[in-house]
Amino acid sequence: MIRHLFYNIFTELNAIFRDPGVLIVMVGAVVFYSFIYPLPYSREVLKQVPLTIVDHDNSPLSRQLARMTDASELIRVVSREPDMEQARRKIESRKSSGILVIPDGFEKEVLQGRKTHVSAYVDATYFLVYRQAMTGIVMTARTLSAGIEVSRFKARGWSHEKAMIDRSPLNLESRSLFNPYMGYATYIVPAVMLLLLQQTMLIGIGMVSGTRREQLQEKKAVILLQGGPLVRILGQTIACMALYLIHIYFFYAVVYQIWDFPLRVRVLDMFVFLIPFLLSVVLMGQFLATFFKTRESAIIMIVWSSMVAVLISGFSWPVEAMPHWIRAISMLLPSTWGISGGLRMAQMGASFEHVMDEWLCMWGLGFFYLFLAWICIRFMAKVPEKKLQSSRDDTITGY
């Protein structure tokens, strides 16, 4: 059994590294996307959202508001239009993402001590743009409003300190935990990297299995795995995990350092946490591979399911807020638990005690898919040995 196990390990590694397609997926894609995927988000924070101003008042105070809006790091005033119709055309042509409307009589209302309003219209089809633009507009309006109110208090003879206290008796100090710069890359890339590991491994395992089946159907000489189903499963598992443990080290020791992503635990801790993640993915891949008759079918099915895995993984939308049946499906994917616990460890510095539920669930998935893979290989993936009689002498039966 030991001889068969070591033979299967080297046979699987040989199948991976001698197949250009599999090598591109399981090695090339991981390295390529590790550097290419974070590039569009390298600035981390979206700034200078284009904005159009419609100033119906044309007063010194309205022009001051326009200048303060343009001075915000989140907003860039690209044009000033005389009416809403022309401003709307700017949004339709994608030259602007929002409109700030200053009403007629704006300065007069303020000087008379009456409350006045400005209107903001922001394109909400892109939530990130909407949030940044609205944040910049609200901050600017509040700053101008605070300055006007403090000036009124000082005009009554109050000191600057008393005016500031009366203007804002309760100050809110906010702190963005674990992502202090509110960076988009810091939010999305670490989660996608774990999904990348899962999907590339599933595709690679499916391609290797599909290739063997194609060669058997065409009665070509093919080197197969030896021993019983459990020995074959264990050999494939060790081979794939050995390769992907290197990817784990590459992510956290190299990619995280290059892109300056927060890593608040030791790399060794991430290794220990992600071992059951890789184990469950490998065993899930061997279970699914029994249904792929060709390598192309493996690529099509796994790539098609990649978007589903992204949507139900829990980092783009909380799993707890999903319908119960979707939540149940998400719990069958190792990425759901790996992303949840992995991000909390890497970015929040959580200890094993805090991610023990995720860790144990991934071990549970590993045993679950081990059982399914054993069943399928034992009873559903039998290959008639008669097809191998015409193969070369080095062809080994037993898959």
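The values are calculated or read from the model by the stated rules, or taken from the named source; none is laboratory data. Fair warning: this is a prediction, and the values are worked out from it, not measured in the lab. Because the Cβ atoms are built from the backbone with ideal geometry, glycine has one as well, and the counts that use them run over all protein chains shown.
Out of all the residues in the range 12-43, which are part of a helix (DSSP H, G or I), in contact (Cβ under 8 Å) with a residue 60 or more places away in the chain and farther than 20 Å from A298 by Cα? Residues satisfying the conditions are V31, Y33, S34, F35, Y41. Screening A298, A253, A242 for residues that are small (G, A, S) and free of Cβ contacts under 8 Å to residues at least 24 places away in the same chain leaves exactly one candidate, A253.
Residues of the range 361-382 that are of a type outside the set (F, W, Y), over 15 Å from Q236 (Cα atoms) and either free of Cβ contacts under 8 Å to residues at least 24 places away in the same chain or touching a Lys or Arg at 6+ places or on another chain (Cβ under 9 Å) (or both): G364, I375, A381, K382. Among the residues examined, M134 qualifies as in contact with a strand residue (DSSP E or B) (Cβ under 7 Å, 6 or more places away or on another chain), in a helix (DSSP H, G or I) and either surrounded by fewer than 17 Cβ atoms within 10 Å (Cβ to Cβ) or of a type outside the set (D, E) (or both). The criterion of at least 3 residues that are farther than 30 Å from E353 by Cβ and touching a Phe, Trp or Tyr at 6+ places or on another chain (Cβ under 7 Å) is met, among helices (runs of 4 or more DSSP H) falling completely within the range 187-292, by 229-250.
To keep it simple, each residue is scored yes or no on (1) modelled with pLDDT under 90; (2) in contact with a strand residue (DSSP E or B) (Cβ under 9 Å, 6 or more places away or on another chain); (3) among the β-branched types (V, I, T).
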{"residue": "V254", "(1), (2), (3)": "no, no, yes"}
{"residue": "W259", "(1), (2), (3)": "yes, no, no"}
{"residue": "R266", "(1), (2), (3)": "no, no, no"}
{"residue": "P276", "(1), (2), (3)": "no, no, no"}
{"residue": "V281", "(1), (2), (3)": "no, no, yes"}
{"residue": "W317", "(1), (2), (3)": "yes, no, no"}
{"residue": "E320", "(1), (2), (3)": "yes, no, no"}
{"residue": "P323", "(1), (2), (3)": "no, no, no"}
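For beta carbons closer than 8 Å, sequence separation of 6+ or different chains, a first residue in the range 75-92 that is without any contact (Cβ under 8 Å) to a residue 24 or more places away in the chain and a second that is in a strand (DSSP E or B), the qualifying pairs are R88/I99. Please go through the range 91-118 and give me each residue that is within 18 Å of L74 (Cβ to Cβ), of a type outside the set (G, A, S) and not in a loop (DSSP other than H, G, I, E, B), ordered by number. Once the filter is applied, which keeps residues that are within 18 Å of L74 (Cβ to Cβ), of a type outside the set (G, A, S) and not in a loop (DSSP other than H, G, I, E, B), the range 91-118 yields I91, I99, L100.
Results for (1) out of contact with any Phe, Trp or Tyr (no Cβ under 8 Å at 6 or more places or on another chain); (2) acidic (D, E), shown as yes or no for each residue.
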{"position": "I24", "(1), (2)": "yes, no"}
{"position": "L46", "(1), (2)": "no, no"}
{"position": "T52", "(1), (2)": "yes, no"}
{"position": "D55", "(1), (2)": "yes, yes"}
{"position": "R80", "(1), (2)": "yes, no"}
{"position": "K95", "(1), (2)": "yes, no"}
{"position": "I99", "(1), (2)": "no, no"}
{"position": "P103", "(1), (2)": "yes, no"}
